[in-house]
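Engineer: Before I ask anything, here is the structure I am working with.
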Amino acid sequence: MERVELQSRSIKATAYDPARALLEVEFHSGVIYRYGGVPARVYQEFLAAESHGRYFNENIRNRYLTVKIGRGRGKS
């Protein structure tokens with residue numbers, strides 16, 4: 001999955017696999033979470049949102065099966 005850098009205070013980057021409906025979200029803390037069963041529409045809305053953090057909290061967090069997959073590069 002190709003990462004897309006976001007302009008967000010809390011979220012560093014995201015990636016999406018439409019074939020498997022998997023969304024990955026990397027936070028500035030370095031933690032990466034994978035969310036399963038996320039529709040492509042939700043990913044597109046997430047990318048287009050005025051506030052990525054707010055969209056994430058209202059439409060993704062606690063709504064999809066979530067797995068912590070590790071730590072990224074951390075703060076940069």
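The values are calculated or read from the model by the stated rules, or taken from the named source; none is laboratory data. Please read all numbers here as calculations on a predicted model, not as lab measurements. Glycine gets a Cβ as well: all are built from the backbone with ideal geometry, and neighbour counts include every protein chain shown.
Engineer: Do you know which of the residues in region 1-17 that are in a strand (DSSP E or B) and not acidic (Asp, Glu) is surrounded by the fewest Cβ atoms within 10 Å (Cβ to Cβ)?
Structural biologist: That would be Val4.
Engineer: Here's another thing I want to ask about it. Restricting to region 7-36, what's the tally of residues that are charged (D, E, K, R) and touching an Asp or Glu at 6+ places or on another chain (Cβ under 9 Å)?
Structural biologist: Counting residues in region 7-36 that are charged (D, E, K, R) and touching an Asp or Glu at 6+ places or on another chain (Cβ under 9 Å) gives 4.
Engineer: Looking only at region 30-41, decide whether some residue is over 20 Å from Arg71 (Cβ atoms) and crowded, with 19+ Cβ neighbours inside 10 Å.
Structural biologist: yes
Engineer: Another one. Just for region 31-76: of the residues that are among the small types (Gly, Ala, Ser), in a loop (DSSP other than H, G, I, E, B) and modelled with pLDDT under 95, which one is farthest from Pro18 (Cα to Cα)?
Structural biologist: Selected residue: Ser76.
Engineer: Which residues, counting only those in region 17-26, are more than 8 Å from the chain's Cα centre (by Cα) and at negative phi?
Structural biologist: Asp17, Pro18, Ala19, Arg20, Leu22
Engineer: Any chance you could count how many residues in region 18-30 are hydrophobic (A, V, I, L, M, F, W, C) and outside any strand (DSSP E or B)? Outline the logic, then answer.
Structural biologist: Of region 18-30, the ones hydrophobic (A, V, I, L, M, F, W, C) are 19, 21-23, 25, 27.
Subsequent filtering for residues that are outside any strand (DSSP E or B) retains 19, 21.
Residues that pass the stated criteria total 2.
Engineer: For region 3-22, how many residues meet the condition of being in contact with a helix residue (DSSP H, G or I) (Cβ under 8 Å, 6 or more places away or on another chain) and more than 22 Å from Arg54 (Cβ to Cβ)?
Structural biologist: Residues that pass the stated criteria total 2.
Engineer: Only one of Tyr33, Tyr43, Tyr55 is free of Cβ contacts under 8 Å to residues at least 40 places away in the same chain, touching a helix residue (DSSP H, G or I) at 6+ places or on another chain (Cβ under 9 Å) and not aliphatic (A, V, I, L, M); which?
Structural biologist: Criteria check complete, one pass: Tyr55.
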